[in-house]
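Reading through the structure tokens given below for one structure.
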Amino acid sequence: MRFSKMFIPTLREVPADADAVSHRLMLRAGYVRQLASGLYIFLPLGWRALNRINAILKKEMESIGAQEISMPILHPAEIWQQTGRWDSIGDEMFRLKDRTGRAMCLGMTHEETMTWLASREIRSYRDLPQIWYQIQTKLRDEARPKSGVLRTREFLMKDSYSFDADEESLEKSYQLHAKAYHKIFQRCGLKFYQVESDPGMMGGVVAHEFMAPSPAGEDEVALCDKCGYAANVELAKSVPSKIKSEDRGFEEVHTPDKRTAQEGDTCHKCGAKLRIEKCIEIGNIFKLGTKYSVPLKAFFLDENGSEKPIIMGSYGIGPARIAAAAIEQNNDKDGIIWPKSLAPFDVEILPLNMNDAKTVETAEKLYKGLKEKGIEVLMDDRNERAGIKFKDADLIGIPAHIILGEKNLKEGLVEIKDRRTKEAVKVKMEEVVERVSVTAPLSS
RNA sequence: CGGGGCGUAGCGCAGCCUGGUAGCGCGCCUGCUUUGGGAGCAGGAUGCCGGAGGUUCGAAUCCUCUCGCCCCGACCA
């Protein structure tokens, strides 16, 4: 795409309201704009990055046999009343009435609708197992939206739901998801941990969260570097350090079976010191059992003809959180440094002087050549000064820059620069396309 | 929902304490010059000072109410 024709409103100055690094950079680099508290508009660059994440999600979900469907986001109250969550969830649920006065709500998640579907369509053990997923909007009236795109009131979520005949089969579905999640986050270039977590309102027995370490995160994870134990501090098993508890004095009320792990505590498994790290929750997986299938009457007949509730699991990933976490983990003073798999474009061409015929001609040739190789190219064809192009390119964070300067061109050379290392190599014009197509990922 | 902060030009801010009819930087528009790290000169446009009510001869400034946004906490499929 041509920069001159694309809507990329970069900001020189830091918007006052943005605090988290990812939030600041997404605003400055022209990826998002805020409509209201907790409501974000994704601009062309932001939407491209999100779609790259979604493509990875789809591919990895399909590879474990999950089937994509699409659920409404407007739900009738009845199904939520049947599972009891209509009453157990408070102000966080957006509620409304339709014109006839029927109570409705906006979907915070889709266990109810998915289970409703299963209850109508799945009758026999022969229909199982199933995994259904969608990438769908969720709405939650958050008490406090914060940190840009990290905690919003409306957001996209990849949510999948497994339907199995028994516990062993559920375990398989659960492990398939865990493995797929590892692949997904690896492909997204994230540093992350899988940790034990509190099922919370979901009401299952087993749950894990996928956590991307970042100071902007809202969660804390207790990690043992020695034996690999990792859990959300909310339920991490740990041995409190004596010295520490004495320091805290008598104000501290000890509740031994339910305490939050703290820095300095020791691992209950191996006795080594636990480390606490702030993290962004980028995904979670839950074993739900029959919590939803029983109230919504999602039953099937087993081999012996006896009626049993479907055993369920549910699994979520927040694409916008992946994007934000990737930025949190990959940036420098000049801007974003996208992992190659998530960048809105593979390479950016910077023709420094658009008034120089040779520069323009070469840029056009490279632009065409790269596109023919299936490489996503952004060409900064604006009639701007070199400095502005460099600054914007660094901000936007496309991993590779091809720099066309007059002097180099006279010798038939162009520069290929790595956004992360800032190292540039001079390459013969004719070799550029070949060279870049080796390093840049073809969009897959 | 508790605590704190902030709403003045597209963005960042000053002005408010001590009322007198709105300013700076960047951006934007025009022209010329410039073109390897956010250019120079010359001209130009832009404000319901978040909203409502009040005090006053006079309100961005003082008072009351209200709306919005951010941060801390509580909360959080």
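The values are calculated or read from the model by the stated rules, or taken from the named source; none is laboratory data. From a predicted model like this one, the values you see are computed outputs, not experimental measurements. Backbone-built Cβ (ideal geometry, glycine too); neighbour counts: all protein chains shown. Ligands, DNA and RNA are stripped out before the accessible areas are found, and what is left, the full protein with its side chains, is counted by its heavy atoms. Shrake-Rupley method; radii C 1.70, N 1.55, O 1.52, S 1.80 Å.
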Can you give me the % of accessible surface on chain A that is carbon or sulfur? Probe 1.4 Å, all protein chains present, nothing else counted.
51
Scaled to the compact-protein estimate 2.2 N^0.38 Å, what is the alpha-carbon radius of gyration of chain A, rounded to two decimal places?
1.13
Charges only on Cβ, +1 for Lys and Arg, -1 for Asp and Glu: so what's the dipole of chain A about the Cα centre, in debye to the nearest 20?
1020
Tell me the accessible surface of A:Leu235 in square angstrom (1.4 angstrom probe, heavy atoms of protein chains only), to the nearest ten.
60
Compute the label zone of A:Asn51 within the range A:342-370: residues whose backbone N is under 16 Å from the point 7 Å along Cα-to-Cβ.
A:342-347
Taking every DSSP beta bridge that has both residues in the range A:345-439, what percent is antiparallel when rounded to the nearest 5?
55
By how many degrees, 0 to 90 and rounded to 10, does the Cα axis of helix A:357-372 deviate from the longest principal axis of chain A?
30
Nearest-0.05 FRET efficiency for A:Thr137 and A:Glu62, computed from C-beta distance (R0 22 Å)
0.55
Rounded, prolate or oblate: which one fits the range A:345-439, using the alpha carbon gyration tensor with axes a ≥ b ≥ c (rounded when a/c is under 1.5, else prolate when a/b beats b/c, else oblate)?
rounded
Chain A - accessible surface per residue (Å², probe 1.4 Å)
47
Note to self, chain A gives a 222 nm [θ] from helices alone (DSSP H runs n ≥ 4, -39500 (n - 2.57) apiece, / all residues, nearest 500) of -8500 deg cm²/dmol
Beyond 22 Å, the calculated P(r) of the range A:78-208 holds a percent of Cα-Cα pairs equal to 50
Relative contact order (%) - criterion: Cα under 8 Å, at least six apart; region: the range A:351-425
31
